[in-house]
1. Which one of these does Leu585 not meet: (1) away from ligand 2 (no atom under 15 Å from the Cβ); (2) in contact with a Gly (Cβ under 6 Å, 6 or more places away or on another chain); (3) free of Cβ contacts under 8 Å to residues at least 60 places away in the same chain; (4) closer than 24 Å to Glu96 by Cα?
2. Go through Asn413, Asn466, Asn443 for me and flag whichever is of a type in the set (S, T, N, Q) and at positive phi.
3. Pairs please, first residue from segment 170-187 and closer than 12 Å to Lys250 by Cβ, second anywhere and assigned to a loop (DSSP other than H, G, I, E, B), Cβ atoms under 6 Å, 6+ apart in sequence or on different chains.
4. Is at least one residue of segment 544-560 farther than 19 Å from Ala621 by Cα and in contact (Cβ under 8 Å) with a residue 60 or more places away in the chain?
5. Residues Leu480, Leu486, Leu504: which one is more than 16 Å from ligand 2 (Cβ to nearest atom) and surrounded by 23 or more Cβ atoms within 10 Å (Cβ to Cβ)?
6. Ala469 - would you say it is of a type in the set (A, V, I, L, M) and under 19 Å from the mean Cα position of the chain (by Cα)?
7. Is there a residue being assigned to a helix (DSSP H, G or I) and buried (at least 21 other Cβ atoms within 10 Å of the Cβ) anywhere in segment 415-438?
8. Name every residue in segment 618-637 that is within 12 Å of ligand 2 (Cβ to nearest atom) and either farther than 24 Å from Asp527 by Cα or part of a strand (DSSP E or B) (or both), in order of residue number.
Amino acid sequence: MRLSHLALAIPALVACSSSGPAGSQAASSSSPALQELMKSRKLSEDDVRAALMTYTPTGRHDEYYLFGSGGHSGQVVVIGIPSMRILKYIAVFTPEPWQGYGYGDQSTKLLAEGRKHDHDLTWADSHHPALSETGGDYDGQFLFINDKANARVAVVDLKDFTTKQIVSTPLIESDHGATFVTPNTEYVIESAQYPAPLGGQYADLKEFKDKYRGAVVLWKFDRAKGRIDRDKSFAIELPPYMQDLADAGKKASEGWLFLNSIDTELAYGGDTEGNVPLEAGASKNDMDYLHVINWKKAEEVANTSGKTTTITGMRVIPLQTAIDEKLLTFIPESKSPHGVDVTPDGNELVVSGKLDTHTTIYSFAKIKALIEAGTYASRDAYGVPVLKLEDTIRGQVDVGLGPLHSQFDDKGNVYTSLFLESSVVKWSLKDLKVIEKVPVHYNVGHIAAAEGDTVSPDGKYLVSMNKWALDRFAPVGPLLPQNFQLIDISGDKMKVVYDLPIPLGEPHYAQIVKADKLHPIDTYPPDTDPLTEQPSPWKVEGGKERIERQPDGVHVYMSAVRSHFTPDIIRVKEGDHVHIHITNLEQSQDATHGFALDGYNIDLSLEPGEHDDVDFVADRAGVFPMYCTEFCSALHLEMAGYFLVEPKK
Ligand code: K7E
Ligand code: CUA
C-alpha cells in the first residue's frame with residue numbers, strides 16, 4: 001500500500017534536511033506517529049509531499065517573493081514562495097490604515113498626485129505589477145503597477161516596500177496594457193484600454209471612428225531618482241482599438257514593444273439604441289491586430305522638434321507621424337487576445353486569443369525583415385501597414401480552450417493558462433507540442449512562473465491566479481476569495497501543492513522574483529521622510545521636543561520612543577491650525593509606533609527612524625486622547641496623551 005511506502009519516504013526526506021544523527025533518529029521514531037496523523041487527517045502521499053514542499057519552519061525565509069496586484073483594493077500583495085505566506089499588503093492607490101497611508105501629510109500628498117479631473121479617487125483597479133529590470137532580468141529595485149480604472153501608474157521602492165509616486169495623464173481615461181517595462185527600465189509602458197477622445201474631450205459615439213483614439217504612454221523612468229520623469233515621457237496615438245496586454249522585446253527584440261488589441265471592429269455597444277451589444281460587435285471579425293512598435297525609433301521621433309503635438313501637457317506622436325516614421329505595424333492575431341509574451345531569448349512572441357484554441361508563435365526576425373523591406377499585405381482603416389500573418393509565424397499549437405497568458409521555464413517549456421478549461425497547459429517551444437495539463441480551481445486568468453517573463457526564467461514554481469474558488473474553502477457568504485494555487489513545475493508532472501485564498505480585490509497578475517535580489521532596509525536613518533527619502537526639514541531631535549506658536553499656527557515637534565510621546569499634552573485653541581511633526585527616535589528593527597488622534601481621523605505609522613507630519617485645523621473643541629496604535633512595549637497602553645482644544649470664548 002502507498003501509505004507504508006510513504007512512511008519510509010518521510011523519515012528519509014526529514015533526515016536529509018536535518019543536520020545530524022539525532023535529527024534522523026527523531027524522524028524515524030516519529031514515522032508511525034506521522035502515519036497516524038496522515039490517516040486521521042485523510043492525507044494522501046501527494047498531500048504530504050505537497051506539505052513538505054511548502055512547509056516553512058518558523059524563522060526560515062522564503063526563496064521567492066511574489067508581487068501580486070490587489071485588483072480593486074488598489075494595493076499590492078506580497079507573498080513568500082513556497083510557503084505562500086502573505087508578507088505584506090503594500091498600500092498604493094488607496095488609503096490603508098495599518099500603514100497610516102492617507103492619514104498624514106506625506107501619504108495624503110502622494111495620493112493627491114493621483115487625483116484625476118479634479119476628483120479625489122479612493123479606489124483603483126490595479127492589474128499588472130512589473131518589477132524593474134536590468135538587462136531583461138529583475139533587479140529587485142522597484143515595482144510599478146497600474147490602475148486600470150483611472151489610467152494611473154505607481155512607483156514602489158523595494159528598499160522600504162512603499163509607494164513613492166503616482167502619475168497619470170488626462171490623455172487617456174483607462175489603461176490595461178500596463179505596467180510593463182523595457183529591458184533596462186528605460187520606460188514604464190501604459191497603454192489605453194477603452195478608446196475615448198484624447199485629453200478628456202467630448203465627442204459623441206457616432207464619431208467613434210474619427211474622434212476616439214487609443215494610445216500608448218511611455219513613462220520615462222529616472223532610476224537614479226527612483227521616479228518617473230513626466231517631462232521626458234511621451235505617448236503615441238493609436239487607432240481606437242482596445243489596446244490590451246503588452247510586452248517589451250528583449251535581447252534579439254530589444255527596442256520593440258508588442259501590444260495586443262481587441263475590438264478592431266470599432267464596435268462601441270448601444271444595445272438599447274438599436275446596435276448590437278459591445279461584445280457581439282467586437283467579435284465579428286476573425287482577427288484582431290497585434291501592434292508592433294519600434295520604441296527606440298519612437299523615442300528619437302519624440303525628441304525631434306516639430307514631430308509631436310502636446311495634449312494636456314503630454315507630448316504625443318500623432319498616428320500619421322507614427323505611420324510615416326514606420327514606428328507602428330500591425331499583424332493579424334487570434335480574436336480577443338489576452339496575452340503577448342516574448343520568449344526569454346527575445347526571438348519569438350507567443351500570442352493567445354481567448355476565442356481560438358491555438359497559441360501562435362511569431363518570429364521576430366521575420367517580422368523585422370518584413371518591416372525593413374516594407375512588405376505589407378494591406379493597411380488598416382487608418383493607414384497602418386499590416387503584415388501577412390502567414391509570413392510572420394513559425395507555427396501554432398492547439399493548446400485547449402480559452403488560452404490567455406503564457407510564462408516560461410528554464411527548460412524551453414511554455415505554460416499557458418486555459419480559462420475555459422480551468423487548467424494550465426505545458427508545451428514545448430521547440431517542437432510546439434503539448435506535453436501535459438494540470439487542472440486548476442477555477443477559471444484561471446494569469447499565471448506567474450518564477451522569474452517567468454525574464455531573460456532567464458527559473459522554472460520550479462508557477463502560481464495559477466484563479467478567479468473562482470467556489471468549493472475550495474470554508475464558505476464565507478456569497479463573495480468568495482480568489483484562489484492562488486502554487487504549482488510545482490520542477491519535475492515531469494505539474495502538481496498543485498498549495499491553495500491560498502486571497503480576500504483582497506481581484507489579483508490579476510503577479511511576478512515572482514528570487515528573494516536574494518532584494519535588499520530592503522531594516523530601519524530609516526534618523527528623521528527620514530519616507531517620501532523624499534531625505535531628513536525632514538521639520539526634524540525632531542531627542543531633548544528638543546517643543547510646542548511653538550507661529551504665524552501659521554501651532555507647531556508641535558514630537559518624538560515617539562518606548563513608551564512615551566514627548567510632549568504628551570498638546571494645548572491649542574479652537575480654530576487653531578495645528579502642525580504636528582513627529583519622529584520615531586527608535587533605531588531598532590520593528591520598533592514601530594503608531595500615532596492616533598481620536599476624533600480627527602489622524603492615524604500615522606512611524607517605522608523606526610521615520611518622520612511624519614500632519615496638518616489640520618482644530619475645529620472641534622474638547623478633550624481628545626492620542627495614543628500609540630502598535631503594541632510596542634509592556635507600557636504600550638500607557639503610551640498616550642491628551643490633545644486639548646479650548647473652546648472659543
Ligand atoms: Cu487578465 Cu487585467 Cu491581465 Cu485580469 S488581466 S486576468
Ligand atoms: Cu508605541 Cu505602542
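1. Failing condition for Leu585: (1).
2. Numbers: Asn413 fails: at positive phi; Asn466 fails: at positive phi.
The unique qualifying residue is Asn443.
3. If the second residue must be assigned to a loop (DSSP other than H, G, I, E, B), the pairs left are Pro183/Gly136; Pro183/Lys250; Pro183/Glu254.
4. Within segment 544-560 (the criterion being farther than 19 Å from Ala621 by Cα and in contact (Cβ under 8 Å) with a residue 60 or more places away in the chain), the answer is yes, since at least one residue qualifies.
5. Working: Leu480 fails: surrounded by 23 or more Cβ atoms within 10 Å (Cβ to Cβ); Leu504 fails: surrounded by 23 or more Cβ atoms within 10 Å (Cβ to Cβ).
It is Leu486.
6. Working: of a type in the set (A, V, I, L, M): yes; under 19 Å from the mean Cα position of the chain (by Cα): no.
It is false that Ala469 is of a type in the set (A, V, I, L, M) and under 19 Å from the mean Cα position of the chain (by Cα).
7. Going residue by residue through segment 415-438, those that are assigned to a helix (DSSP H, G or I) are none.
No.
8. Our first condition is that a residue be within 12 Å of ligand 2 (Cβ to nearest atom); within segment 618-637, this holds for 626-637.
If the condition is that a residue be within 12 Å of ligand 2 (Cβ to nearest atom) and either farther than 24 Å from Asp527 by Cα or part of a strand (DSSP E or B) (or both), then Met626, Tyr627, Ala634, Leu637 are the ones that fit.
The values are calculated or read from the model by the stated rules, or taken from the named source; none is laboratory data. Predicted, not measured: the structure shown is a model, and the values here were computed from it. Heads up, the Cβs are rebuilt from the backbone with ideal geometry, glycines too, and the neighbour counts pull from every protein chain shown.
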